[in-house]
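Please treat every number below as a calculation from the coordinates, not as lab data. In this text, all values refer to a predicted model and were calculated from it rather than measured experimentally. Counting neighbours? That spans all protein chains shown, and the Cβs are built from the backbone with ideal geometry, glycine included.
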Amino acid sequence: MEPISTEIVVLGAGPGGYAAAFYAADRGKKVILVEQNPRLGGICLNVGCIPSKALLHAAEILREAKDSAHRGIEFGQPKIDLDRLRIWKESILDKLGQGIAGLAKQRGVQVVHGRGHFEDSQTLRVETSDGQKFIRYEKAVIAVGSKPAMPNAFDLGNKRVMTSTEALELADIPHDLLVVGGGYIGMELGTVYAALGSNVVVLEALPSILTGVDPDLVRPVARAAQKAFKEIRVNTKVQKMATAGKQIKVTMEIDKQLREELYDRVLVSVGRAPNLADLGLDNTKVTKDDKGFIQCNDQQQTEDPNIYAIGDVNGGALLAHRAAKEGRIAVEAMLGEASAFDNVIIPAVVYTDPEVAWCGLTETEAKAKNIEIKVGKFLWGASGRALTLDRTDGLTKLIIEPETERILGVGIAGARAGDLISEGVLAVEMGATARDLAETVHPHPTLSETLMEAAESFYGTATHTFSRRPS
Amino acid sequence: MDVKLPQLAEGVEGGTVVNILVAEGQEVKKDQAIMELETQKAVGSIPSPGSGIVTKIHVKQGMEVSVGQLLISIEGSGVRTAAAAKPSQAPASSAAPAPATETSAPRTVASTVATGKTAEDHRYESKSGVSPPAPPSIRKIAREIGLDLTRVRGSESGGRINLGDVRAHIQRLQDIAGQGPSHSGGAHGATAAITTPSESVDFSKWGPVRREKLSPLRRTVSRRMVESWTSIPKINQFWDADITSLLALRKRHAAAYEKKGAHLTVTSFLLFVLARALKKHPRANSSLDESSQEIIYKDYIHIGVAVDTEGGLIVPILRNVDQKNLLQLSEELHALTEKTRQRKISIEELQGGTFTISNQGSIGGSHFTPIIYAPQVAILGVGQGQAKPVAVDGKIAIRTILPLCLAYDHRALDGADAVRFLKDVVAGVEGFDESNLKLK
């Protein structure tokens, strides 16, 4: 069969892949986008960011309703219709998926549905429902993303042991849910199920949930989760799981003691692995690191000069917005531009309740690297807006280079931290100083004021807190 | 229609807007001068490429502009009246060409200050190990042009680098590069020293001072002089020429020349004589290409004549001097000098000289040692002719003596070559053939 010729083929229509494909098309390239799922959008749209945020919104409403009694507003016991909740969630995904398909069409990006497999450095074979298609390309972008890791020991072939993908399907509301892994996925989905009514127990092998995040930012989340969840157990490892009737028997090790417990469902959220099996990478010059992620240079180019890789397949922070940025860099690199993933600040957000968001240098990182920093911190208890929202459980802090007062990083814990962090990202990207932020007028009353006040507190002049000026 | 700064001449990347000759709302005709630009080489006018109404002036007096930069916008072909013009906004169009006015000061001064500061070898260092503070847009530009931002001094808070800082840095690099080997033939070596500005002295400690920004012209003169001074092994050869009979000839023929509208000057005689001497001694008309280790002989004789203008020294070029008679030379010299003094000379008219004559005789002074105008290899400095007692045939006589000094590049010319050349020049002046003065 005659191969289809194209300038660029993008494998995977997630937020990285479609961003790259669209941008390449906008820049005048002939582009084919290959996606195995009928709905475009990748993990983010189908089984990641979007559905989880829809469910977290539902969870927030449940919690708000529950927590309103002291404001003089009482609701009865909520009635949860899982089918309708699921339909609402799906409708969002459909809308977004169709939106992406429409945008592809408008740009003349040809979408080929099927599984891609590299035949060589310039040919991609796609297994479509109409049989095999061969795409002869000049440049390819691998953007196939990642999937939840499922250790063999936990893989019982029992639907009650779920990954995030199944948990988002919302089959039922388990009475007792065990979340294995206290990272952001486990904490977010734990929040959803706890709000829906499950007794949630989170197990974390390390000494803290949300490992790597600054402890002061984790604290509000841990405190809220301790209230919402049945229990958070750190320093705990799962030894074994077994099917026990309609339940799962979990053997765990706490303080060198083994304990057995029964759960209706178990969510395994212990990390993610790249989707690189059966991709035919052996037929190309693409290389992988010891963790199985693709190796590429700062222009996203792999060892195979014709092939670029973006997003989760490269490891690191598995974030949609990083993938999208890498996609644009890859396209610009293909066009011969001097773009590079060079000092790009990638913000991170954990959509727990409250949210945690940070960007740039963290206190933890500064400590580990022995970098001298100063911190400007503002606690939300002094924020009028936080009080009116009944969400004083937050804090905003700036990581500051002492000599230049340049803002190197920003960390926020609190409601809508994910939306607030963007100003911090801009500040770090622009090389702003604490003075710049302090001198910038922020509207009152808003949560965004906390950034300004954190900067002011660095100078000991925050309006809504009093601190002795650093002498 | 958007009018952008055209490529004015080879090697000229831009200049300073000295004067804007049109106002917003004003009607302009094709080729009408819209603004005056002072470049490194001269003040020239920018002609309008079309006719229409000036809708917007994008530059200000005193602004530095570069090739391709948007200057003004012109719309349509003069249908609308000048009603749109707001007098208050109209720039001082016909005002006297005041270099560096108050209004122009902030921008230009700022860039000068920045340039001065970056002249020190800057290297950004952060204890945190982070790269220098610069917004993503600036980092992208730096990547595109391969610029190391750690070398750029940021002027904003926390040392943040903005576009102006990048511009100032590049300007500085260019200035340094400009002190290296010249583009036109490379008459001097890579040994050209990069001058470091002397330490800044606070002169106001001893009394009131006034600072004036160097004009681009002044900067060019300064740069080229340092370049010549530091790179050319120079010898000064003095000679006195007896111009008594030459002056007599001039007196005899001046009236006839005046009738034709031409002034017979010592310089025009010298040009005539020099052309013949240069033909005979092509080395004096050559350039040195150090990179290829070659001497470039030029089969044309284009002599630069140093002209003292209000703005400083400018050296317009008289072309094919050897092919012109004394009348043509006198006429052209006069026209060229006038054009230069009025600063209407084009940049092309300043390029391609093979030899230079600098006559200070009209002002006064005796011998002086001129600086060679690289990549040329020789220059003739002419002082004031004065009546002096000299020995003629064993007797003292009063003669008019013209002090001459030939400065030459010893790499291209040996002492004997230079003396032979100068001897021919002097002989040509002293024994000037009257037949050359005849008008047809």
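General remarks:
- Cross-link pairs A:133/A:285; B:339/B:423; A:288/B:140 - those with Cα-Cα distance over 24 Å: B:339/B:423; A:288/B:140
- The calculated FRET efficiency for the pair residue A:165 and residue A:419, based on their C-beta separation and a Förster distance of 30 Å, comes to about 0.70.
- The length gained by stretching the chain between residue B:292 and residue B:30 to full extension, at 0.36 nm per residue less their Cα-Cα distance, is 89.8 nm.
- Amide H contacts for residue B:58 (H built 1.01 Å from N in the peptide plane; partners 5 or more residues away or on another chain; cut-off under 5 Å): B:72, B:73.
- For residue B:69, distant residues with modelled amide H under 5 Å away: B:5
- The range A:173-200 residues near the modelled residue A:152 label - backbone nitrogen below 12 Å, point 7 Å along Cα→Cβ: none
- Residue-span extension gain [residue A:439 to residue A:103] - 0.36 nm each, minus C-alpha spacing: 116.9 nm
- Of every Cα-Cα pair in the range B:355-435, the percent that sits beyond 17 Å: 56
- Size of the protein assembly as shown: Rg and Dmax of its alpha carbons, in Å, are 39.9, 140.
- Burial ranking of peptide ranges A:105-111, A:413-419 (average Cβ count within 10 Å, highest at the top): A:413-419, A:105-111
- Links that overshoot a 21 Å alpha carbon limit, given the list B:60/B:213; B:251/B:280; B:298/B:324: B:251/B:280
- Amide H partners (placed H, <5 Å) of residue A:244, local residues excluded: A:249
- Here residue A:89 is the anchor, and the lysines within straight C-alpha reach of less than 24 Å, apart from those fewer than 8 places off in the same chain, are A:53, A:66, A:79, A:147, A:159.
- The Rg/Rh ratio of the range A:165-293, with Rg taken over Cα atoms and Rh as the Kirkwood radius over Cα pairs, comes to 1.05.
- Span-like helix criteria (full DSSP H runs; alpha carbon extent of at least 20 Å along the helix axis; mean Kyte-Doolittle hydropathy of at least -0.5) are satisfied in chain A by A:49-66, A:82-107, A:320-334.
- Remark: spin-label model distance residue A:216-residue A:80 equals 3.5 nm, labels positioned 7 Å along the Cα→Cβ axis.
- Computed from the C-beta positions of residue B:148 and residue A:258 and an R0 of 41 Å, the FRET efficiency is 0.10 to the nearest 0.05.
- Over all orientations, chain A has a Cα convex hull whose mean projected area works out to 25.5 square nanometres.
- Across the range B:223-437, C-alpha contacts under 8 Å between residues 6 or more apart give a mean separation that, scaled by the residue count, equals a relative contact order of 30 percent.
- The protein assembly as shown - mean residue ellipticity at 222 nm from DSSP helices (-39,500 (n - 2.57) per run, n ≥ 4, rounded to 500): -9000 deg cm²/dmol
- With coordinates expressed along the principal axes, the C-alpha atoms belonging to the range A:318-455 extend over 51, 33, 30 Å, beginning with the largest.
- If R0 is 25 Å, the Cβ-Cβ spacing of residue B:362 and residue B:433 corresponds to a FRET efficiency of close to 0.50.
- Across the range B:347-369, the residues whose backbone nitrogen lies under 19 Å from the label position 7 Å along the beta-carbon direction of residue B:320 are B:348-355.
- Above 23 Å, the calculated P(r) of the range B:223-437 contains 45 percent of its Cα-Cα pairs.
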